[in-house]
Amino acid sequence: MRLTPLTAAAAFLLTAAPAFAQEDKPAAAEKKTELSLPPLPADRSIMQSARIGTRTVSYRATVGTIAVRDDKGKEIGQVVYTAYTVPGGDARRPVTFAFNGGPGAASVYLNLGAIGPKRVQFGAQGDAPSDAPIARDNPNSWLDFTDLVFIDPVGTGFSRSLVDAEATKKSFYANDPDVKYLSKVVYDWLVKEGRLRAPKYIMGESYGGYRVPRIAYELQSQIGVGVSGLILVSPYLDPASRDDATALSPLPWMTALPSMAAANLERQGRLTPAAMAQVEDYVRGDYLRDLLRGRSDPDATARLVARVTELTGLDPALVKKLGGRVDTATYLREVHRAEGTIGSIYDSNVTAFDPFPWSSQQRANDPILDALIAPTTSAMVDFVTREVGWKTDARYNALSYSVNEAWDRGKPDDAPVTDLRKAIAVDPKMQVMIVHGWDDLSCPYFASRLIVDQMPAFGAAERVRLRVYPGGHMFYSRSDSGASFRNDARAMYGS
């Protein structure tokens, strides 16, 4: 997931680095960045089984660690991963590496929510923090057609930095360093497990969708590892397209409106691809033209207000006040106000009671985030420590607000799209699937629609597939959407 100001609740406290006596200046400079932490356990594996699709799959579950080293070979971090592998497969069995986003999110959401062999229910209407964190067989897992490696970046899960806060931010908490060290982690796992001959796929959700194209190109062009396919789940693919720093760009309004319309249609039981095609045609056509006409056409605003009111279900007086430009925060605050609830940026039809219904601004955290951290954290820690037996006293960070706040995002640009184009262009066999939920306002599907439509064909139909399913950012929390996602992925891997 991608953390935004709308979803920030509180920052976790960073552990201060211990002080060291200064013997001399060079030694002090060297010791300043070292942290004294107890060692992590050795890698540990167990055998399990799960009912996936129509058959029972036996697999090895492994919790392990990969060291991150600086240019001088010094260990500066430790990345913890969870791998599910089916024994006895040949060298050509695919392996998929999965990352979540944030920045600051562990891979638990794709693991226990989407494609891992076990799942915990979260992300849907009615889910609560007090729900029992019990993992059950996931019929929509991908383990029957690919091995799975879930990677937790430094600062998430049990992964950790071994240097002080300043060095940690420089080495791990910025766009470019993040891509470089995680690419090396993928390579190190392949070497460690003897899987360099396997077809390799990379999957990323939300900010993980920012990571994935760049990791693929880094592996391909710098490390020397080819990638067979990419799966971008609700991706934060082009930060520049969501940047509202310029008053001239209509893109922020254009990309959000179809997801608002989809949520409204879903509430009426009328959400279909055909209905959404009409919405998209309007947004690309009359909506865009009327936005750009502005006050030069006195009737433009009236047309906008009438149609946007119809699409969103909002109060026409409010839409008129906004000039047909409905921002996400206002939409989520107002669309369920009559019921005394607020919607989630990740799926606006997932709601929670508003604890401050008369406040002029939303004062509660996001309904989905508040409900998912407890069950996913408890379920993952229970699996790692009790089932696998990888014992540690360290804290597990399913979602780290401190990492998100420390992140150096740089200048918004289209680096993921640029690297995606380069990676596809140089490898005619690489395939890409971008998937979204209709109702997602954190990473709206229509942004990806516009991006894909501006790409060249790369010599074949649907080198870059775009699929949209009922639901929101974590559409896979709905079993039907998760099943459709699995079927579409299996077709891509099979081809």
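Inside segment 195-225, residues that are closer than 20 Å to residue 404 by Cα and under 14 Å from the mean Cα position of the chain (by Cα) make up a count of 9. Entry remark, segment 266-313: residues being open to solvent by less than 20 Å² (accessible area, probe 1.4 Å) and within 19 Å of residue 344 (Cα to Cα) number 2 in total.
Residue count for segment 131-173, restricted to those that are closer than 14 Å to residue 99 by Cα, of a type outside the set (Phe, Trp, Tyr) and assigned to a strand (DSSP E or B): 4. The set of residues in segment 396-429 being closer than 24 Å to residue 136 by Cα and open to solvent by 70 Å² or more (accessible area, probe 1.4 Å) is empty.
The strands (runs of 3 or more DSSP E) located wholly in segment 44-110 that include 3 or more residues which are open to solvent by less than 10 Å² (accessible area, probe 1.4 Å) occupy 55-69, 75-85, 95-99. Scanning segment 330-339 turns up at least one residue that is surrounded by 15 or more Cβ atoms within 10 Å (Cβ to Cβ), out of contact with any Phe, Trp or Tyr (no Cβ under 7 Å at 6 or more places or on another chain) and not in a helix (DSSP H, G or I). Any chance segment 349-359 includes a residue that's open to solvent by 30 Å² or more (accessible area, probe 1.4 Å), among the aliphatic types (A, V, I, L, M) and touching a helix residue (DSSP H, G or I) at 6+ places or on another chain (Cβ under 6 Å)? So far as segment 349-359 goes, yes, one or more of its residues are open to solvent by 30 Å² or more (accessible area, probe 1.4 Å), among the aliphatic types (A, V, I, L, M) and touching a helix residue (DSSP H, G or I) at 6+ places or on another chain (Cβ under 6 Å). Under the condition of being touching a residue at least 60 places away in the same chain (Cβ under 8 Å), open to solvent by 20 Å² or more (accessible area, probe 1.4 Å) and within 16 Å of residue 91 (Cα to Cα), the residues counted in segment 181-192 number 1. Of all residues in segment 302-329, those satisfying the criterion of being within 17 Å of residue 284 (Cα to Cα), not aliphatic (A, V, I, L, M) and not in a helix (DSSP H, G or I) are 324, 325. The C-beta contact set for segment 143-172 (first residue closer than 20 Å to residue 74 by Cα and β-branched (Val, Ile, Thr), second residue outside any strand (DSSP E or B) and open to solvent by less than 10 Å² (accessible area, probe 1.4 Å), distance under 6 angstrom, 6+ apart or interchain) comprises 154/172.
Taken together, 461, 406, 423 contain a single residue that is free of Cβ contacts under 8 Å to residues at least 60 places away in the same chain and more than 28 Å from residue 350 (Cα to Cα), which is 461.
Screening the candidates 223, 202 for the property of being on the phi < 0 side of the Ramachandran plot and free of Cβ contacts under 8 Å to residues at least 60 places away in the same chain yields one hit, 223. Got a sec? Which helices (runs of 4 or more DSSP H) wholly within segment 343-461 have at least 1 residues that are among the basic types (Lys, Arg)? Qualifying helices (runs of 4 or more DSSP H): 415-426, 445-453.
Comparison of 209, 157, 229 shows that the only residue that is open to solvent by less than 10 Å² (accessible area, probe 1.4 Å), closer than 23 Å to residue 383 by Cα and not hydrophobic (A, V, I, L, M, F, W, C) is 157. Pull up segment 120-148, narrow it to residues that are hydrophobic (A, V, I, L, M, F, W, C) and in contact with a helix residue (DSSP H, G or I) (Cβ under 6 Å, 6 or more places away or on another chain), then point me to the one that is surrounded by the fewest Cβ atoms within 10 Å (Cβ to Cβ). Going through the qualifying residues, I end up with 128.
With respect to the conditions (1) touching a helix residue (DSSP H, G or I) at 6+ places or on another chain (Cβ under 8 Å); (2) at positive phi, residue 312 falls short on a single one, namely (2).
The values are calculated or read from the model by the stated rules, or taken from the named source; none is laboratory data. Computed from a predicted model, the values in this text were never measured in an experiment. Here Cβ is always computed from backbone atoms with ideal geometry, including for glycine, and neighbour counts include all displayed protein chains. For the accessible areas, the whole protein counts, side chains as well, though only heavy atoms, and no ligand, DNA or RNA atoms are used. Shrake-Rupley method; radii C 1.70, N 1.55, O 1.52, S 1.80 Å.
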